[in-house]
1. Go through segment 51-101 and count every residue that is free of Cβ contacts under 8 Å to residues at least 12 places away in the same chain and aliphatic (A, V, I, L, M).
2. Restricting attention to segment 21-45, report how many residues are in contact (Cβ under 8 Å) with a residue 24 or more places away in the chain and not in a loop (DSSP other than H, G, I, E, B).
3. Looking only at segment 187-222, which residues are outside any loop (DSSP other than H, G, I, E, B), farther than 13 Å from PRO152 by Cα and basic (Lys, Arg)?
4. Within segment 46-91, how many residues are more than 16 Å from the ligand (Cβ to nearest atom), over 27 Å from the mean Cα position of the chain (by Cα) and assigned to a loop (DSSP other than H, G, I, E, B)?
5. Which residue out of LEU151, LEU144, LEU108 is farther than 30 Å from LYS233 by Cα and either polar (S, T, N, Q) or surrounded by 15 or more Cβ atoms within 10 Å (Cβ to Cβ) (or both)?
6. As an exercise: evaluate TYR79 against (1) surrounded by fewer than 16 Cβ atoms within 10 Å (Cβ to Cβ); (2) farther than 21 Å from SER32 by Cα; (3) of a type outside the set (S, T, N, Q) and give the number of the one condition it does not meet.
7. Output yes when any residue across segment 167-183 is surrounded by 14 or more Cβ atoms within 10 Å (Cβ to Cβ), modelled with pLDDT under 90 and in contact with a Cys (Cβ under 8 Å, 6 or more places away or on another chain), and no when none is.
Amino acid sequence: MPNKDYIISTLNLVPDDIENFNIVRKGETFYSYITLKDRHPSCPICGSASRCKGFVDFTFQTMPINSFDHYVVWHRRRYICKDPDCHYSFRETNCFTPGSLHFSFSLLNQVAKDIANLHFTYKDIAEKNNISIGSVEIYSDSFLNVPRLVLPENMGIDELYSDMAKYGSSYLCVMVDNTERNLFEILPSRSKHELIKYFEKIPVEERNKVKFITMDLWDPYRDVARKFLPNAKICADGYHVVEQLSQRFTRLRVDIMNQFEHGSSAYYLLKNWH
Ligand SMILES: [Zn+2]
């Protein structure tokens, strides 16, 4: 059986906090049953003494043990205020999980470290920690706040086809620092609405410092840049200009080719243009 003191320490407890602790293995899952010592908390409403009026089980998942799932079943006390005018009911303070989430702080701490590793996908993290991909996503969206990077003076905006795009879009919007040649922002959609939502949160002084913005020919980029980056010169980036020119030349070549008789030398030469 796993070491109890070790498990207790991963739950941010010391042995003196424990009234009863028992661990059992059922198949490939461990269950720890915990009752904490009664600390006789005061009523959070009126400050009077309280008494325990029973227990309710709160189950949560914590760090795996030798890759086996590990659940903690906490016999959580319910209290009632002794003041007859108050009689407020409340439960023992939850020191194991954030809010009503059924994952321990230690498990979520590991998930947070894994999310910081750019080599891991959400699927990798879910499998590593024996939790669902949805749980990793909920945790990441609800509790992790990655600070926004400052807009660079010379930025580029483009889209990337991805099944991670949201709000009905098939494309993520990616923004790069053209000088440093690195990525500084990804938005879940390239829609005008999403772009406006992003830029209107950025202080005007910061937006005014953007001198150049490169982009393709997607109109919303142009509209949003004109409105929110008034000092930026809008430049069509080289790749898209060449791509557009290439498409137009191809169209022109095919149009001319079709004016010649099929099988003629002119038709043949134009058809095999490289
Ligand atoms: Zn009370």
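1. Final tally of qualifying residues: 0.
2. The qualifying residues number 9.
3. Of everything in segment 187-222, those that are outside any loop (DSSP other than H, G, I, E, B), farther than 13 Å from PRO152 by Cα and basic (Lys, Arg) turn out to be LYS192, LYS197, ARG222.
4. 1
5. Working: LEU151 fails: farther than 30 Å from LYS233 by Cα; LEU144 fails: either polar (S, T, N, Q) or surrounded by 15 or more Cβ atoms within 10 Å (Cβ to Cβ) (or both).
One residue alone meets the criteria, LEU108.
6. Here TYR79 meets the rest and fails (1).
7. no
The values are calculated or read from the model by the stated rules, or taken from the named source; none is laboratory data. These numbers were taken from a predicted model, which means no experiment stands behind them. Glycine also receives a Cβ, built like all others from the backbone with ideal geometry; neighbour counts cover every protein chain displayed.
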